[in-house]
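For reference, the structure discussed in these notes is given below.
Every read-out reported here was derived from the displayed coordinates using simple, explicitly stated rules and does not represent laboratory data. Quick caveat: nothing in here was measured; it's all calculated off a predicted structure. Note: ideal-geometry Cβ built from the backbone for every residue, glycine included; neighbour counts use all protein chains shown.
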Amino acid sequence: MSEAPDTSGLLRMGDLAEQAGVSPATVKHYLREGLLESDGDAAQGIEIVRTSRNMAYYPPAFVERIRLVRRLQEERFMPLRAIREVLADGPERARDLVGRRDEIIERALSHQGPALTAREDLVAATGVPEDALDKLAELRVMGDGTRGYDPDEVRIVQAFMRFRDTGFGEELGFTVYDALRYVEALEPLVREETQTFLHRMVDRDVTPERAVELMLSATDPLRELVGAVHGHVLRRELARERRKA
């Protein structure tokens, strides 16, 4: 009769999930996705012990790994595919990468850009109606201007007013609500772009200083790229509509 596997110090699925603060279903999902086991585990004695087809015991080290995966999902909005790549070299490497990722984010957010524009100055300079500013803030197209407007918010207002001046007014059905579709279309793109940029910077050991420098230098070319792509896609869409006629 074979000797029973040694499960001392190991955790049942329910205990593992409880200590990690997630559901058993989440743990099982992470296991299926290959997020908890790493190549160097066996050498460190970190192994799953299966006592039967439907029963297994898990190493306590998985508790911190689950918390790390959860943190990457909830705080960094990383997809599981990206998390798997980060964890490929082991949990310690992943924690180091997360730390450098956080530093890039903090440096980027703390970068001192041009001075903010006060609400009254923006109204005076552009002629934008106060209620239009309030509606743009309500729609989350831009902030409410309590602390002033940053240069991008000023550009949004300037563009809005240029649209109105060229004939895109409410009499033709064009309102501030039209700006919302651009926010809704761009948000998932920018989210993916941010994750890709951060992952590549961290994965290639780019210093936080250099990463922020690259991010800032890409601002103007990216604006040109988005505008050019929009024009190209617009012409393609018009051609498609012509073929339908």
Cα coordinate range in segment 13-110, projected on the principal axes (Å, largest first):
53, 28, 21
I need the Debye-formula profile for segment 119-244: one equal scatterer per C-alpha, no solvent, reported as log10 I(q)/I(0) at q = 0.11, 0.12, 0.20, 0.22 1/Å, two decimals.
-0.54, -0.64, -1.27, -1.36
Largest-first semi-axes in Å of the equivalent ellipsoid built from the Cα gyration tensor of the chain are 50, 21, 18
If you count, for each residue, the other Cβ atoms within 10 Å and average over each peptide, how do 191-202, 169-180 line up from highest to lowest?
191-202, 169-180
What are the residues whose amide H is under 5 Å from the amide H of Tyr57, where those residues sit 5 or more places off or on another chain and H is modelled from the backbone?
Val49, Arg50, Thr51
Whole-Hz ³J(HN,Hα) for each residue in segment 217-233, computed from phi via Karplus 6.51 cos²θ - 1.76 cosθ + 1.60 with θ = phi - 60°, x for glycine and proline: what do you get?
5, 8, 4, 5, x, 5, 4, 5, 4, 4, x, 5, 5, 4, x, 5, 5
Difference of contour (0.36 nm per residue) and Cα-Cα distance, Ala239 to Ala159
26.2 nm
Residue by residue, what Karplus-based ³J(HN,Hα) values in Hz, rounded to whole numbers, does segment 82-87 have, using 6.51, -1.76 and 1.60 with θ = phi - 60° and x for Gly and Pro?
5, 5, 4, 5, 5, 7
Quick one: Karplus J couplings for segment 143-156, per residue in order, coefficients 6.51, -1.76, 1.60, θ = phi - 60°, nearest Hz, x for Gly and Pro?
x, 8, x, 4, 9, x, 10, 7, x, 5, 5, 4, 5, 4
In a Debye calculation with equal point scatterers on the alpha-carbon sites of segment 19-69 and no solvent, what is log10 I(q)/I(0) at q = 0.20, 0.24, 0.26, 0.31 Å⁻¹?
-0.72, -1.03, -1.19, -1.41
Extension length gain for Asp39 and Thr219 (0.36 nm per residue less Cα distance), in nm, is 60.8 nm
